[in-house]
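K.L.:
Before I ask anything, let me first share the structure, which is written out below as structure tokens.
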């Protein structure tokens, strides 16, 4: 599993976050995509690393500004007190 953090500028509301999430889900096979306007990023979990050039194109098509793309191994976060 891979976690990709995509830095994005220009998101102003929940609809902006949804727009980014939908664009990622439409163009890539992902387990999850969670955009956060306050952090200016979208965190994507996928089986395989995302194609960075395609990420740039997809974000560019949405009208938002791509700031960065960073990928690494995904480690599932444990909840305190559970399991």
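All of the numbers you see were taken from the coordinates with simple rules; none came from a lab. Since we're looking at a predicted model, the values are computed, not measured. Positions of Cβ are backbone-derived with ideal geometry, glycine not excepted, and every protein chain shown enters the neighbour counts.
K.L.:
Which of the residues that make up the stretch 1-22 are over 24 Å from residue 76 (Cα atoms) and either in a loop (DSSP other than H, G, I, E, B) or in contact (Cβ under 8 Å) with a residue 24 or more places away in the chain (or both)?
P.N.:
Here is the first cut: in the stretch 1-22, the ones over 24 Å from residue 76 (Cα atoms) are 9-16, 19.
Once the filter is applied, which keeps residues that are over 24 Å from residue 76 (Cα atoms) and either in a loop (DSSP other than H, G, I, E, B) or in contact (Cβ under 8 Å) with a residue 24 or more places away in the chain (or both), the stretch 1-22 yields 9, 10, 11, 12, 13, 16, 19.
K.L.:
State which residue is surrounded by the fewest Cβ atoms within 10 Å (Cβ to Cβ) when the search covers only the stretch 47-83 and only residues that are touching a helix residue (DSSP H, G or I) at 6+ places or on another chain (Cβ under 9 Å) and touching a residue at least 60 places away in the same chain (Cβ under 8 Å).
P.N.:
The extreme case among them is 71.
K.L.:
For the stretch 28-46, state whether one or more residues are part of a helix (DSSP H, G or I) and either free of Cβ contacts under 8 Å to residues at least 12 places away in the same chain or touching a strand residue (DSSP E or B) at 6+ places or on another chain (Cβ under 6 Å) (or both).
P.N.:
Looking only at the stretch 28-46, we keep the residues that are part of a helix (DSSP H, G or I), and these are none.
No; the residues of the stretch 28-46 include none that is part of a helix (DSSP H, G or I) and either free of Cβ contacts under 8 Å to residues at least 12 places away in the same chain or touching a strand residue (DSSP E or B) at 6+ places or on another chain (Cβ under 6 Å) (or both).
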